[in-house]
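Computed from the coordinates by the stated procedures, all read-outs in this text should not be read as laboratory data. Keep in mind the model is a prediction, meaning the values are calculated, not measured. Please note: Cβ atoms are built from the backbone with ideal geometry, for glycine as well, and neighbour counts cover all protein chains shown.
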Amino acid sequence: MKKRSFIALIAGVFGGLLMALGLCLCLLPEWNAFTQGVIIGCAGLLEALITLFAWRKKEKKMAVHVSWKAVGITAYGIAAFLILGTGMCFIMVWSQLILGIAIGIAGILMLTGMLPMMFGFKKE
């Protein structure tokens, strides 16, 4: 692994942690920190995006080509993450353990199904 790739990895993880902390602040009403959570979450998202663009520039990657396939896979991925998150909400917020696990597993299976969509199957 190159040094700049490792630095980008660490910076991306830091952005993800900021987003996760912001989510925790938003979802826990006992802390009464919804506004601060939104600010920290958005700062984490911004930091992760800046890291992504800086890494792509350092690696001299070409601009992302937007196609209908890429848009469809992105929409599918967003839907899968929302379903997974809904399962988590059923468990953590509404105390519906069995239904939450079932919905969460459906979201995980959808996310797993993204791999063949993105990379396809190769003949051996």
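For segment 1-64, the relative contact order works out to 36 percent when only alpha carbon pairs closer than 8 Å and six or more residues apart are counted. Specify which labelled value, from (i) 15.4; (ii) 17.0; (iii) 14.7, agrees with Kirkwood radius over Cα pairs in Å derived from the coordinates of the model shown. So the structure-derived entry is (ii). The loop-placed trypsin sites (Lys or Arg not before Pro) in segment 52-118, going by DSSP, that have at most 13 neighbouring Cβ atoms within 10 Å of their Cβ come out as Lys60, Lys61.
Taking the Cα centre of the chain as origin, work out the dipole magnitude from +1 charges on Lys and Arg Cβ and -1 charges on Asp and Glu Cβ, in debye rounded to 20.
Working: 11 positive and 4 negative charges, 187 e Å.
About 900 debye.
Estimated at 0.36 nm per residue, the fully extended path between His65 and Met88 surpasses their Cα-Cα distance by 5.0 nm. Given axes a ≥ b ≥ c from the Cα gyration tensor, I'd like to know whether segment 1-64 is rounded (a/c under 1.5), prolate (a/b larger than b/c) or oblate. Prolate shape, in that a/c is at least 1.5 and a/b is the bigger ratio. Name the residue from Thr35, Cys24, Ile10 whose Cα lies farthest towards the positive end of the charge dipole of segment 1-64, charges +1 on Cβ of Lys and Arg and -1 on Cβ of Asp and Glu. Of the listed residues, the answer is Ile10. Computed from label points 7 Å out along Cα-Cβ, the spacing between Phe81 and Leu115 is 1.9 nm. What is the chain's relative contact order, in percent, from Cα pairs under 8 angstrom and six or more apart in sequence? It comes to 18 percent, rounded to a whole number.
Legend: ranking of residues Glu30, Glu59 from fewest to most surrounding C-beta atoms inside 10 Å; resulting order Glu30, Glu59. Between the exposed loop cleavage positions of the chain, defined as chymotrypsin sites (Phe, Trp or Tyr not before Pro) in a non-H, G, I, E, B DSSP state with at most 12 neighbouring beta-carbon atoms within 10 angstrom, the longest gap is 1-93. Which shape class, rounded, prolate or oblate, goes with segment 65-124 when its Cα gyration tensor gives a ≥ b ≥ c as root eigenvalues, a/c under 1.5 marks rounded, and past that a/b bigger than b/c marks prolate? Oblate is the answer for segment 65-124, as a/c is 1.5 or above yet b/c matches or exceeds a/b.
Taking other Cβ atoms within 10 Å as a rough exposure proxy, Met114, Met1 sort from fewest to most as Met1, Met114.
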